[in-house]
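Peer 1: I'd like to ask some things about the structure below.
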Amino acid sequence: MVLGYYTRNLKLKEFNESKHIALAIYLSAVLTIITIPLTDATGISQDSKVVLLAITRFITDVSVLAIVYIPKFMALNLGAADFAFTNNAKKELAEIKQKRMNKLGKIK
C-alpha cells in the first residue's frame, strides 16, 4: 500500500496495475459467488464440497497470479534490452521525492 501511495502520480505504464488488480478482484469475486451457492444447492457430500471449494480456490489463485504477473514478465522480455523504462522510472520517482521534500520544507 505504501508503494502504491508513493507511485500514484506516476505516468509510467510500468506502475499502472489498476486494470490488472481490478480484473483479479472481479475474477475472485465472480468465482466465489458462483461456487458457494453451487456447493450449497447441490446435494453433494461434505468431502465433495471441500474438494470443489479447494479446486475453485486453486483456479482463482493461479488466475490472479497470471493476471498480475504475466504482463510484467512480458514487459521484461520485450522491453528489457534498453532498460529505458527503468531510467524513466528513476527520474520520475526522484522528481516526486524532490517535490515532496520541497513541500515538507515549506511546512516547517
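Bear in mind these aren't lab numbers, they're just calculated from the coordinates by the rules spelled out. Being a predicted model, the structure only gives us computed values, none of them experimental. Methodologically, a virtual Cβ is constructed for each residue, glycine included, from the backbone with ideal geometry; neighbour enumeration extends over all protein chains shown.
Peer 1: Quote the FRET efficiency, to the nearest 0.05, computed for Leu52 versus Leu93 with a Förster distance R0 of 30 Å and r equal to the Cβ-Cβ distance.
Peer 2: E between Leu52 and Leu93, to the nearest 0.05, is 0.10.
Peer 1: Report the extension gain between Leu38 and Met101 in nm, rounded to one decimal, defined as 0.36 nm multiplied by the number of residues separating them, less their alpha carbon distance. All intermediate terms of the calculation are to be shown ahead of the outcome.
Peer 2: On the way: separation 63, 0.36 × 63 = 22.68 nm, distance 5.42 nm.
Net length gain for the segment: 17.3 nm.
Peer 1: Here's a follow-up. Please list 3J(HN,Hα) in residue order for segment 19-28, calculated via the Karplus relation 6.51 cos²θ - 1.76 cosθ + 1.60 where θ = phi - 60°; whole Hz, with x for glycine and proline.
Peer 2: Each residue's phi maps through the Karplus curve to give 5, 5, 5, 4, 5, 5, 5, 4, 4, 4 Hz.
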